[in-house]
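Asks: Can you read through this structure? Questions will come right after.
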Protein chains: 2
Amino acid sequence: MKRVIYLLVAFATVAGVALLKAPASGQSDREAAPIYEVKLPPGYRDWPVISVAHEAGDNNDLRAVLGNDLAMKAYRKGTLPFPDGTIIARLAWVYTASEENDKVFGRQQSFVAGPATNVQFMVKDSIKYAATGGWGFAQFKDGKPDATAKLETCFPCHQPAQARDYVFTQYAP
Amino acid sequence: MKRVIYLLVAFATVAGVALLKAPASGQSDREAAPIYEVKLPPGYRDWPVISVAHEAGDNNDLRAVLGNDLAMKAYRKGTLPFPDGTIIARLAWVYTASEENDKVFGRQQSFVAGPATNVQFMVKDSIKYAATGGWGFAQFKDGKPDATAKLETCFPCHQPAQARDYVFTQYAP
């Protein structure tokens, strides 16, 4: 029994140290996007859906906006501002007509996700990112920081949504 | 130490009995959709995204297709047919122009999720649903079986996708 207790204490200690070492956003040591130094959050592809959208125009994409646990809790409770550690992910794919689906519907109407374009993140850290509303921004392509991304344009574009803590996407029930 | 072992054995036994009692699809005792008797799977709103789509025409919706653990594993490994217990959920919302987003983009281009329309499910049980390719179908509105749903039309429409186990939606990487 003593040995079991010792093992439990040892585990709790190791887990505690790991928690102390982990940054608020729970990010790993992978390659970081420039400026904000946001790293690709592990497991984001399995996060729940906040909402979906279609951006026509130059974007021409279908997108899913996902949230980590803190994001989902804040959305569902209506908590504003979002707490530190919140991460919101925007995945996007080329807006692609589906001939296969259209055949079933008997008309042109179905658009599905084609190849992935890029993945963007908003990471809340009210201290680190105080100059940009508490949000760090990042864009990744094929799992690496997107060299074409101009992250300095992110925050100015998000300012009209200041009343919702600079986040445009609203929760889709 | 003996007591700890006893507790572990007791826990494993209880867990085993719980597993034996649970139906393959892990569904609860809530109200079931007619014909296939599919129940609303608890927690489906937090499942990961398989893909997204825009159905124009009469549907006029944006949709997210989500999967339970078995669905996600099968999609990612390319496992066909999907194993018993697989559940695929199709959420949909009214395709809604976003004036707020369009202002930021400086043009009409942004369409977001409006009010939810209904939620559909495909549940794999190769014995129970042998007559319809091993799939049970359901449609819910506001958490209840949708009285307007004509579930007998589901399977005939899905037959063109027979080569992919009657599932149209493909995984969006």
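Asks: Does A:Phe82 satisfy the condition of being within 8 Å of another protein chain (Cβ to nearest Cβ) and either at negative phi or under 11 Å from the mean Cα position of the chain (by Cα) (or both)?
Replies: No; evaluated as a whole, the condition is false for this residue.
Asks: Let me ask you something else. Name the residues in region B:85-121 that are out of contact with any strand residue (DSSP E or B) (no Cβ under 6 Å at 6 or more places or on another chain) and away from chain A (no Cβ under 11 Å), would you?
Replies: Passing the criteria: B:Gly85, B:Glu99.
Asks: For region B:37-50, name all the residues that are touching a helix residue (DSSP H, G or I) at 6+ places or on another chain (Cβ under 9 Å) and either free of Cβ contacts under 8 Å to residues at least 40 places away in the same chain or among the polar types (S, T, N, Q) (or both).
Replies: Residues satisfying the conditions are B:Asp46, B:Pro48.
Asks: Here's something else I'd like to know. Any chance region A:142-164 includes a residue that's closer than 19 Å to B:Ala172 by Cα and away from chain B (no Cβ under 11 Å)?
Replies: yes
Asks: Further question: Within the bounds of region A:104-112, is there any residue that is crowded, with 19+ Cβ neighbours inside 10 Å, farther than 16 Å from B:Glu55 by Cβ, at pLDDT 95 or above and of a type outside the set (S, T, N, Q)?
Replies: No, that holds for no residue.
Asks: Next up: Consider A:Asp142 against the criteria (1) at positive phi; (2) crowded, with 19+ Cβ neighbours inside 10 Å: it satisfies all of them except one. Which criterion is unmet?
Replies: (2)
Asks: Identify, please: which residue in region A:113-137 is farther than 21 Å from A:Trp47 by Cβ and among the aliphatic types (A, V, I, L, M) and is, among those, most open to solvent (accessible area, probe 1.4 Å)?
Replies: A:Ile127
The values are calculated or read from the model by the stated rules, or taken from the named source; none is laboratory data. Values in this document were obtained by computation on a predicted structure and should not be read as measured data. Cβ: placed from backbone, ideal geometry, glycine included. Neighbour counts: every protein chain shown. Note: accessible area is taken over every heavy atom of the protein model, side chains too, but ligands, DNA and RNA are not part of it. Shrake-Rupley method; radii C 1.70, N 1.55, O 1.52, S 1.80 Å.
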